[in-house]
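Notes to accompany the following structure.
Each value in this text was obtained by applying a stated rule to the coordinates, not by laboratory testing. Predicted model, so just to flag it, every value in this text is computed and none were measured. We place every Cβ from the backbone using ideal geometry, glycine too, and count neighbours over all the protein chains shown.
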Ligand code: FE
Ligand code: FE
Ligand code: ZN
């Protein structure tokens with residue numbers, strides 16, 4: 001081999017290695033957030049699972065009681081993240097699921113939801129969180145069009161008070177009157193949101209399956225999404241198997257490889273090149289009252305199914 005060829009090869013290897021480092025798998029799970037340790041506790045928990053990202057609720061997911069963000073704990077947490085190569089920009093907040101922007105039957109509750117989200121955006125900004133996942137809402141009999149309209153108006157109101165946070169609409173399973181069960185509905189909402197820099201999508205594999213999408217044809221799903229909305233709007237993927245068959249409209253998460261989607265199909269989602277730099281978050285059920293995330297993340301990193309997973313605890 002000539003010297004020039006050797007030099008070219010040398011640089012090619014360097015570039016490939018470098019690309020690998022910047023395109024590292026971004027994987028984590030839902031973690032707790034307690035009022036005392038706050039983000040520091042969440043970070044420690046995530047590190048214990050071998051994660052390099054995580055998702056948390058700023059309080060209990062099912063209520064809107066929230067404690068003030070401690071700047072000291074946040075600072076300590078960010079230092080710990082830096083030491084462990086966790087990027088703050090990959091951390092996700094999930095808005096509580098009782099917030100329903102689609103229902104304006106009771107105007108007080110609708111306004112409460114909007115005001116709560118404005119506060120949640122402020123909390124995210126205080127910490128430096130870039131992405132907040134939100135269930136679009138349920139129209140509870142008002143009809144799809146009215147529901148979508150309510151969501152759009154609410155998001156535009158929230159964004160008047162939002163400088164930095166990108167709100168990610170989660171794809172939903174289709175339980176009851178949930179909105180956001182296909183890309184047409186999500187596209188309509190995004191179309192109505194005035195500030196497109198503050199809106200995005202979070203794909204949930206269990207929800208996609210339950211709403212009727214075939215995860216074994218994930219590239220087709222991404223093609224449809226790209227055509228109707230644009231892949232650049234995707235900033236988070238919830239990786240869950242499902243207890244129910246495709247199209248069941250149920251929403252019951254299962255551990256990786258133990259549900260109807262299957263381990264290999266989920267691995268293909270996680271390692272899909274088009275979503276390379278998008279954080280992947282596990283929201284799979286605990287096993288014997290123990291979080292399964294360390295074991296499941298190990299399964300993902302090694303791409304090897306663990307048939308003893310259900311025996312932990
Ligand atoms: Fe969710
Ligand atoms: Fe989810
Ligand atoms: Zn779910």
**OP:** Note down, for the range 5-134, the three equivalent ellipsoid semi-axes (square root of 5 times each alpha carbon gyration tensor eigenvalue), biggest first, whole angstrom.
**Re:** 37, 18, 11
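Full-extension gain between residue 246 and residue 68, please, as 0.36 nm times their residue separation minus the C-alpha to C-alpha distance.
60.0 nm
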**OP:** Over all directions, average the projected area of the Cα convex hull of the range 156-313 and note it in nm².
**Re:** 9.9 nm²
**OP:** With springs connecting C-alpha atoms under 10 Å apart, model the chain as a Gaussian network and identify which of 35, 113, 211 has the largest mean-square fluctuation.
**Re:** 35
**OP:** Have a look at 64, 53, 171 and tell me which one the Gaussian network model of the chain (Cα, springs below 10 Å) gives the largest fluctuation.
**Re:** 64
Subject >> Added length on full extension, which subtracts the Cα-Cα distance from 0.36 nm per residue, residue 76 to residue 194 >> reply: 38.9 nm
Original post:
What distance in nm separates the simple spin-label points at residue 290 and residue 60, each placed 7 Å from Cα in the Cβ direction?
Top reply: 2.7 nm
**OP:** Would you look at the GNM of the chain, springs on alpha carbons closer than 10 Å, and say which of 157, 120, 106 moves the most?
**Re:** 106
Original post:
Counting every Cα pair in the range 32-94, what percent are over 13 Å apart?
Top reply: 59 percent
Original post:
Say each of residue 126 and residue 303 gets a label point 7 Å from the Cα, pointing the same way as Cα to Cβ; how far apart are those two points in nm?
Top reply: 4.4 nm
**OP:** Return the distance in nm (one decimal) between the two label points of a simple spin-label model at residue 163 and residue 274, each offset 7 Å from Cα along Cα→Cβ.
**Re:** 3.6 nm
Original post:
If only Cα atoms are counted, what is the Rg of the range 240-313, and what is its Dmax, in Å?
Top reply: 12.3, 36
**OP:** Take the Cα atoms of the chain, find their three principal axes, and give me the spread along each one in whole Å, biggest first.
**Re:** 75, 47, 45
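Below 8 Å, C-alpha to C-alpha, sequence gap of six or more: please give me the relative contact order for the range 26-311 in percent.
Across the range 26-311, relative contact order equals 16 percent.
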Original post:
Taking 0.36 nm per intervening residue step and subtracting the Cα-Cα distance, what contour gain separates residue 311 from residue 83 on full extension?
Top reply: 78.8 nm
